[in-house]
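Values in this text are rule-based calculations from the coordinates and carry no lab data. As the structure is a prediction and not an experimental result, all values here were calculated from the model. Counting neighbours? That spans all protein chains shown, and the Cβs are built from the backbone with ideal geometry, glycine included.
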Amino acid sequence: MEIPVHEKIALRAHRLWEERGSPIGSSEEDWFRAEREMRTVKSDMQLQRDVSEELKWDPAVNAAQISGRSEGRRRDARRPR
């Protein structure tokens, strides 16, 4: 079962607060920082999903494209002599 985002933020904020020495009266600072971190992680994960979806990696096809080969032939084999 997935932990709700609100709880993840609360746990991270508490850890940040402890790392700062548990000062009194600054809980909002840690909460907002934890929220920013969660948004950044979520954005990065979404970007990775979008890119991988767009590319639809097929190792054989991509290796051929990178090396300049198509259908098993070398690029220079297609040039007129």
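What the table below lists for this structure:
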read-out	value
Pairwise label distance in nanometres, PHE32 with VAL5, each label 7 Å out on the Cα-Cβ vector	1.9
J(HN,Hα) series, region 30-46, from Karplus relation 6.51 cos²θ - 1.76 cosθ + 1.60, nearest Hz, glycine and proline x	5, 4, 5, 5, 4, 4, 4, 4, 5, 5, 5, 4, 5, 5, 4, 5, 5
Using a Förster distance of 35 Å, the FRET efficiency for GLU19-ARG49 (Cβ separation, nearest 0.05)	0.70
